[in-house]
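Colleague: Got a structure for you, written out below as structure tokens; questions coming shortly.
Every read-out reported here was derived from the displayed coordinates using simple, explicitly stated rules and does not represent laboratory data. What you see is a predicted model, and the numbers here were worked out from it, not measured in a lab. Virtual Cβ from ideal backbone geometry, glycine too; neighbours counted across all protein chains shown.
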């Protein structure tokens, strides 16, 4: 356990501290002890020496006449020798007649350390007390040379090793005593730490369980024990962690639930949420006493795929985000907006909550909310809505039926010219099924050779000569016969086949025109309509070049027709491609001019050759409506910019005379000819001069 390791570390560090304290204590104490011990030992030796001298002098003074002069002294010295452990030699010397030291008395212990005779003689002659420390035979001795009162000399030799031995004994006693004390202290500390730190083991085990995710239990430590305060803090901390984790789990669950029922891009409720809300509305309607109705709106963006393919997914995503915001703002609290998929949105309108607003008014407001272009990174993106409406329970009593019928109504709105809303009608279901069937069949139509090109002549109204032809796509269905372009062209434009079919039209038209020229027919321009998605292909210019190369058609006999909206979707890209086409020698015309939103600024900068006046304005000529002024203005604009003019949809002599009067001479329409097959066109052109029908 880690708390046991902590106890061991504390004891170990305490031991280190105690060792340093002991070392300091030994050094500090023995620094003074050695000097004091030496002084004490010297004092003792001096006292013993003085006692011996005093005793010797006393014996000399008290000597009885006739008594042996040395007998008593000898006996006394012998007794002293036995009593003094430190004394190794006691001797008395005198000078003889030859002034040599003569030993009178000698008492020695078992060491029998000798004394330098020269020192003895010197002391006798000088009659002064002298002290000499020396090492004799490995023993440290101190020799005292003390004159006696009778002129003799007493030599006292003391062994100083006893002082060193005593000092070592004191040191050993101090060391062992200190060690014993330290051991007792360490044992005492260990027992205290083990008892006091025991709660740390419980805390450690608890924190280990917490680390493994066991947060429900709490740490229990007796309040009388140490670290009870820490246990309380830990319990408080674990409680906060548990609450935080619970909050995070709840938030994550909410986030997962939100993601499951909301669109990631727009943050709008998604298809799953829509289905649940529809089911809830149906249940509440069934439970209501008098019943209640609600409507669902199916919203589809009219040109989202083109923007997404042309500008990229980042622009498409931003378009969807901003459109979602606009729709939500326009809707307010009158309903709930959902994003189903891609560019498809739905709205649930509860009729009880609409108050004064009607479903139609809300649809108009939703459509109007997209009138202003959406800006993103310098690009202006235009989009519009087609809305289909289905109402419960009239148009369906379950989610799938209501959504399917609203979808059918939306397709009807889109086919009616887009930017419209239409309520579901029973026949729309059949029409939708027919469109789905056509969409499936058209995928095989190109392979099976069912697609055909018809050619509508463009006539010079002054000379009555052929000026050119416009290529129009037709579909000869094996079961349904010739299918109206209004039915299958929108399907092609919405499908991924538009580029493949568009390229086939271009290649076939170029080859046919070259074949006519090789056959000796007049060399005329063939005009080919180009869809927005086809024109926005990065390799579009290369596609045109390949069509010319493969057919052998000279580029001046090809004209490409683009709508205003196509050229304005990406002005910079459109300009670059038009310049590239002009370098090839291909002419460019703006089709249905006046129905889009191009500005004069761009019209003047684009390298275009011809303006084609839309048939809707031509029809107004017979009615003397506002279209007359529009046609007049377009013709004047073309003349001022030195552009060619083609009037489409001319069907009456009155329209023809009006156009000739305004100096628009190239005419296309049923007044001269309907679109013709290759065979019929060849028969028609061989008649020579053109007459009105």
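Colleague: Using packing as a proxy for protection, rank 249-259, 541-551 so that the peptide with the highest average count of other Cβ atoms within 10 Å comes first. Write down the numbers at each step before the final one.
Modeller: Working: 249-259: 10.3, 541-551: 16.9.
In decreasing order of mean packing, 249-259, 541-551 become 541-551, 249-259.
Colleague: Which ordering of 140, 282, 307, 667 is given by a fewest-first count of other beta-carbon atoms within 10 Å? Kindly include the intermediate steps, with their values, before the conclusion.
Modeller: Details: 140 15, 282 18, 307 24, 667 27.
Ordered by Cβ neighbours within 10 Å, fewest first: 140, 282, 307, 667.
Colleague: Please state the Cα pair-distance histogram of the stretch 262-414 with 10 angstrom bins from zero: what percent is in each bin?
Modeller: For the stretch 262-414, the pair-distance distribution reads 11, 41, 34, 11, 3, 0.
Colleague: If you don't mind, there's one more thing I want to ask. Find how many whole Å separate the alpha carbon centroid of the stretch 311-335 from the alpha carbon centroid of the stretch 501-547.
Modeller: Spelled out, the Cα-based centre of one part sits 38 Å from the other.
Colleague: Viscosity 1.306 mPa s, temperature 10 °C: Stokes-Einstein D of the stretch 603-678 from its Kirkwood Cα radius, in µm² per second? If you can, show how the numbers build up before the last one.
Modeller: Working: Rh = 12.7 Å.
Estimated via Stokes-Einstein, D reaches 125 µm²/s.
Colleague: What FRET efficiency comes out for residue 416 versus residue 250 if R0 is 45 angstrom and r is the Cβ-Cβ distance? Round to the nearest 0.05. Write down the numbers at each step before the final one.
Modeller: On the way: r = 49 Å, r/R0 = 1.10.
So, using R0 = 45 Å, E works out to roughly 0.35.
Colleague: Would you mind classifying the stretch 437-685 by shape? Square roots of the alpha carbon gyration tensor eigenvalues, ordered a ≥ b ≥ c; an a/c under 1.5 is rounded, otherwise it is prolate if a/b is larger than b/c and oblate if not. Don't skip to the answer; put the middle values down first.
Modeller: On the way: a/c = 1.39, a/b = 1.22, b/c = 1.14.
Since a/c stays below 1.5, the shape of the stretch 437-685 is classed as rounded.
Colleague: Then there's this: Could you calculate the contour length gain from residue 117 to residue 292, that is, 0.36 nm times the residue separation minus the distance between their Cα atoms, to one decimal place in nm? The partial results should precede the final answer.
Modeller: On the way: separation 175, 0.36 × 175 = 63.00 nm, distance 14.66 nm.
Roughly 48.3 nm would be gained on extension.
Colleague: Measuring from label point to label point, each 7 Å out along Cα→Cβ, what is the residue 500 to residue 515 span in nm?
Modeller: 2.3 nm
Colleague: Another question, then. Quick one: if the Förster radius is 51 Å, what FRET efficiency do residue 284 and residue 443 give, using the C-beta to C-beta distance and rounding to 0.05? Could you put the intermediate results ahead of the total?
Modeller: Numbers: r = 43 Å, r/R0 = 0.85.
After rounding to 0.05, the efficiency reads 0.75.
Colleague: How would 315, 424 line up from fewest to most surrounding beta-carbon atoms within 10 angstrom? Walk me through the intermediate numbers first.
Modeller: Numbers: 315 18, 424 26.
If I rank by nearby Cβ atoms, fewest first, I get 315, 424.
Colleague: Can you put 156, 524 in order of Cβ neighbours within 10 angstrom, beginning with the fewest? Write down the numbers at each step before the final one.
Modeller: Details: 156 25, 524 19.
The order, fewest Cβ neighbours first, is 524, 156.
Colleague: I'd like the distance between the alpha-carbon centres of the stretch 233-296 and the stretch 379-433, rounded to an integer number of Å.
Modeller: Cα centroid of the stretch 233-296 versus Cα centroid of the stretch 379-433: 29 Å apart.
Colleague: In nanometres, what is the gap between the two model label sites at residue 188 and residue 616, each 7 Å from Cα along Cα-to-Cβ?
Modeller: Result: 10.8 nm between the two label points.
Colleague: Same structure, new question: Tell me the relative contact order for the stretch 458-588 as a rounded percent, counting alpha carbon contacts under 8 Å between residues six or more apart. Let's see the in-between values first.
Modeller: On the way: 149 pairs, mean separation 29.8, N = 131.
So the answer I get is 23 percent.
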